[in-house]
Amino acid sequence: MENLLLVTKNACDLYLHGTIESPTPGVHRAFSDALTSALTMQDGIYKQMTAHGWYQTEQATQQELNKVRSKYAAQA
């Protein structure tokens, strides 16, 4: 499942760039439709993995969030 998720995420990346760079409305629509489909597939894979405990996430602490905010606020 992890490999399938990674392949789907890579497809989303390719379709996103295809959508952004598409030269005509028809090509844009084709890439956009493919992106939407791939994102839906990615979401389904993610939900299945989390349901089985195969994709675990950690909750960020407030201290970690503040550190990231400060870092990027200083760069702005």
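The values are calculated or read from the model by the stated rules, or taken from the named source; none is laboratory data. Note that the structure is predicted; figures quoted are calculated from it, not measured. Reconstructed Cβ throughout: ideal geometry from the backbone, glycine too, with neighbour counts over all protein chains shown. Surface accessibility is based on the protein's heavy atoms, side chains included, excluding ligands, DNA and RNA. Shrake-Rupley method; radii C 1.70, N 1.55, O 1.52, S 1.80 Å.
Residue pairs whose Cβ atoms lie under 8 Å apart, separated by 6 or more positions or on different chains, with the first residue in segment 58-74 and part of a helix (DSSP H, G or I) and the second of a type outside the set (A, V, I, L, M), do not occur. Can you tell me which residues in segment 24-76 are of a type in the set (D, E, K, R), surrounded by 11 or more Cβ atoms within 10 Å (Cβ to Cβ) and over 29 Å from residue 1 (Cβ atoms)? Those that are of a type in the set (D, E, K, R), surrounded by 11 or more Cβ atoms within 10 Å (Cβ to Cβ) and over 29 Å from residue 1 (Cβ atoms): 29, 67.
Looking only at segment 1-10, decide whether some residue is touching a His at 6+ places or on another chain (Cβ under 9 Å), part of a loop (DSSP other than H, G, I, E, B) and open to solvent by 80 Å² or more (accessible area, probe 1.4 Å). Among the residues of segment 1-10, at least one is touching a His at 6+ places or on another chain (Cβ under 9 Å), part of a loop (DSSP other than H, G, I, E, B) and open to solvent by 80 Å² or more (accessible area, probe 1.4 Å), which makes the answer yes.
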